[in-house]
Amino acid sequence: MKTIDQIPSFDFDPYDERELADPYPRYAELRAAGPVVRLTKYNVVAMARHAEVHAALRDWETYSSAAGVGLDDLRKGERWRPSSLLLEVDPPIHDKTRAVMNVVLSMPALRRMQGDFEAMAEKLADELVERREFDGMADLAIPFILKVFPDAVGLPEEGRENLLPWGDMIFNSFGPRNQRFQDATRTAETVRAWIFEHSQRKSLSANGLGAAVFAAVDKGRLEEEEGEVLVRSMLTAGLDTTVTGLGASVLAFSRFPDQWDILREQPNLARQAFDEIVRWASPVQTFFRTTTKPVIVEEVTIPEDTKVLLFLASANSDDRVYPEPEKLDIFRRNLDHVGFGNGIHKCVGQMVAKLEAEVVFNALLKRVKRFELLEEPSMYLNNTVRAFERIPVRVIPA
Ligand code: OVM
């Protein structure tokens, strides 16, 4: 048996810009070092192999979310926003809100929006294929998501420019209070005010996902304020993640044209392809848990009340589970990937993300024979999301 003082320890800063720019070599080093390692810079324990990350995500009783899923312990110090009633709570609180969101974001509920999603995808695909050259982020992923998702939630057109800065700020806040976090919070007050105002019933259309949350309030399942917190979760979790996932899709299909060819022959594999892209790109790279009791992992005793950094992206590129993990393979057995998390907190919005991807893929499948990457993509650094700045491509029409 070992204490955490006897396991491999590292003093690098995972939030340093050189690390965030190219984290995969480091992930391999961490996986090779052992099942549990220590990061001295932040005094946390970390797991980078698939087996341990997956097991921790599935054991909420030991690995709690209630102290927050970032580096900060939300139970201590001052708060600048209330905890998420999904992400930052354990059962039984979690189960009540999750049950509401499971219905709000279920496939039958989304069917009503599918036509609007398709119309936007068709329009964008027409324009972009006509142009031949475009940026997968600024011209495709961002305008698509910023149209269809806020429409689906029921937000007005005006003010949507606050959504990505809000997400950038929140996803940075899961890391340390570094320069990147400070920079992202520069416009915090106006952004925060818009988001909070637009989480309220009065700001939302009568037939969107936001209104569906308040319908649960009207049925007595939630308090009004809880409804607002849940709407805010959609505005936080639903944009940066999917924008990154769609951008990654453009990149993936230009790097792996054989996979695009397979999809062109079997468009019914679109959702499966997107799931593999989420494994491959892991838009959310890291989340933390906090131990509720001493726990033994592969001979290592992790004490109670320890922040544990789970390297989701590293788990998804662990070759013990995914041979040649850097390859996109639509037919790969990837059911247990942790790109959407796992266990009780597994992404409640994944049906929305998959529908968004599916309609965009379908629109492009009809029109595009091949994507060619014009330049290596530039990254947009964030403490949690591995985001892109630009993905310049040319398309060869079908
Ligand atoms: C939430 C939330 C916020 C950010 C990310 C997320 C990826 C959830 O408010 O529940 O999941």
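The values are calculated or read from the model by the stated rules, or taken from the named source; none is laboratory data. Quick caveat, the model's predicted, so the values are computed rather than measured. Neighbour counts run over all protein chains shown; Cβ positions are idealised from the backbone, glycine included. Protein only, heavy atoms only, side chains kept; ligands, DNA and RNA dropped before computing areas. Shrake-Rupley method; radii C 1.70, N 1.55, O 1.52, S 1.80 Å.
Quickly run through the range 169-206 and pick out the residues that are surrounded by 21 or more Cβ atoms within 10 Å (Cβ to Cβ), under 26 Å from G227 (Cα atoms) and within 18 Å of the chain's Cα centre (by Cα). M169, I170, F171, N172, F174, listed by residue number.
Of the residues making up the range 134-168, those that are among the aliphatic types (A, V, I, L, M) and either open to solvent by 10 Å² or more (accessible area, probe 1.4 Å) or farther than 14 Å from D116 by Cβ (or both) are M137, A138, L140, A141, I142, L146, L155, L163, L164. Against the test of being touching a Pro at 6+ places or on another chain (Cβ under 9 Å), away from the ligand (no atom under 12 Å from the Cβ) and open to solvent by 40 Å² or more (accessible area, probe 1.4 Å), the options D59, D72, D116, D95 yield a single qualifying residue, D72. For the range 200-249, residues that are away from the ligand (no atom under 12 Å from the Cβ) and closer than 24 Å to D139 by Cβ total 5. Do you know which of the residues in the range 333-342 that are away from the ligand (no atom under 13 Å from the Cβ) and not basic (K, R) is most open to solvent (accessible area, probe 1.4 Å)? Per the criteria, the residue is L335. In the range 162-169 there is at least one residue that is more than 15 Å from the ligand (Cβ to nearest atom) and not acidic (D, E).
Considering every residue within the range 245-263, establish whether at least one is in a strand (DSSP E or B) and crowded, with 24+ Cβ neighbours inside 10 Å. Within the range 245-263 (the criterion being in a strand (DSSP E or B) and crowded, with 24+ Cβ neighbours inside 10 Å), the answer is no, since none of the residues qualifies. Close Cβ contacts (under 7 Å, 6 or more residues apart or on different chains) running from residues in the range 85-100 that are under 15 Å from A216 (Cβ atoms) to residues that are more than 14 Å from the ligand (Cβ to nearest atom) comprise V100/A216; V100/R221; V100/L222. Please go through the range 75-88 and pick out each residue that is within 11 Å of the ligand (Cβ to nearest atom) and open to solvent by 40 Å² or more (accessible area, probe 1.4 Å). Passing the criteria: P82, L87.
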